[in-house]
1. Less than 20 Å apart at the alpha-carbon level, and either on another chain or at least 8 residues along: which lysines does that give for LYS79?
2. Dividing the Cα radius of gyration by the Kirkwood radius, what Rg/Rh value follows for the range 251-295?
3. Could you pull out the chymotrypsin sites (Phe, Trp or Tyr not before Pro) across the range 247-292 that fall in loop regions by DSSP (anything but H, G, I, E, B) with no more than 10 other Cβ atoms inside 10 Å?
4. Give me log10 I(q)/I(0) at q = 0.16, 0.23, 0.26 Å⁻¹ for the range 208-252, Debye formula, one equal scatterer per alpha-carbon, no solvent.
5. Just to confirm my numbers, what's the Cα centroid distance between the range 164-202 and the range 266-281 in Å?
6. Please work out the Cα convex hull volume for the range 66-131 and give it in Å³ per residue.
7. Would you tally the net charge around LYS100, using a Cβ to Cβ cut-off of less than 14 Å, leaving LYS100 out, and scoring K and R as +1, D and E as -1?
8. According to the Kirkwood expression over distinct Cα-Cα pairs, how big is the hydrodynamic radius of the range 117-179, in Å?
Amino acid sequence: PFDVLVVGGGPAGATAAIYAARKGIRTGIVADRFGGQILDTLGIENFISVKYTEGPKLAASIEEHVKQYDVDIMIQRAKRLAKKDLIEVELENGAVLKSKTVIISTGARWRNLGVPGEEEFKNKGVAYCPHCDGPLFEGKHVAVIGGGNSGVEAAIDLAGIASHVTLLEFAPELKADAVLQDRLYSLPNVTVIKNAQTKEITGTDKVNGLTYVDRATGEEHHIELQGVFVQIGLVPNTEWLEGTVERNRFGEIIVDKRGATNVEGVFAAGDCTDSAYKQIIISMGSGATAALSAFDYLIRH
Ligand code: FAD
């Protein structure tokens, strides 16, 4: 069996694996895609000591760093966790990995709207990351769906690139911080529509519009535009832990300050946890914490 089995190969998991391997204990890492969300990220300017880097470049150097150590890397998806004598992680290919401790770092993904046209027009006008895809919509009319912090931030960002930004919020009020809302309303090329339920993203070979229902009147409206940025939140990749590891109402794994979960020997780190913020540097820090806690657990058991 492994001493430490890390599930997830993003910044949190890679850091946990390096910290564990440096203790000279048997370490494995299983991930369905090494690198995690940073593979989908363009510019990164807040990874301290590196003024500017790009996601795929950072992912490659993280992988190279992990490979400096004696870590078993398995590219597979985990589908179940069970606590027996040891902790067992069942993979999608049917294999069962056994370990004395497990560090879960399966990260998160953007939430989908789930309306017709969204899947069909992904990368053909439907986008999730303004930092990555914003420049593709220079001079065009785009919608941002979601009036929380990320949606309002996206709208402010896109207003500097697009000709016009229409922000649609389902609720009667925006949820974003007041300072962001003030900034948003100060921009001349932004329209905010509240009480708007997005019904469909329309298009031919690419997006040409969006249909929404005004929830106050029940009336249906169509807006002609070229891009739709979906900003309705991040979902933690924790469905596979149903019934085993305790999660909050958002699906985030509940951890203490040592990264411990409610299951003995199981720790968690990064965006899949209830950490206050989701950032590369924060997920790396929590990966280190979880690995040191797993080591501490091992020397006591
Ligand atoms: P992730 O990066 O999500 O990695 C999760 C890992 O788990 C992946 O390897 C995945 O394949 C694997 N996995 C998931 N489920 C399973 C399973 N069932 N079995 C096996 N493996 C599984 N942060 C910044 O600090 N600066 C930025 O500029 C920045 N820009 C961003 C831009 C975009 C577009 C996005 C999406 C995020 C950005 N972030 C940024 C956030 C940052 O990328 C995340 O906070 C960070 O990647 C979280 O790391 P993580 O290791 O917790 O999770």
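Rule-based calculations on the coordinates, nothing more; no lab input. Keep in mind that this is a model prediction, so the values were computed, not measured. In this analysis, Cβ positions are derived from the backbone assuming ideal geometry, glycine residues included, and neighbour counts consider all displayed protein chains.
1. LYS98, LYS100
2. Values: Rg = 9.4 Å, Rh = 10.2 Å.
A ratio of 0.93.
3. On the way: sites: PHE250, PHE267, TYR277; in loops: PHE250, TYR277.
Those satisfying the criteria are TYR277.
4. Debye intensities relative to I(0), on a log10 scale: -0.67, -0.81, -0.93.
5. Answer, in whole Å: 29.
6. Values: hull volume 11.4 nm³, N = 66.
Convex hull volume per residue, Cα atoms: 173 Å³.
7. Values: positive: LYS23, ARG26, LYS83, LYS84, LYS98, ARG300; negative: ASP3, ASP85, GLU88, GLU264, ASP296.
Net charge in that neighbourhood comes out at +1.
8. Values: mean 1/r = 0.0831 Å⁻¹.
Result for the range 117-179, one decimal place: 12.0 Å.
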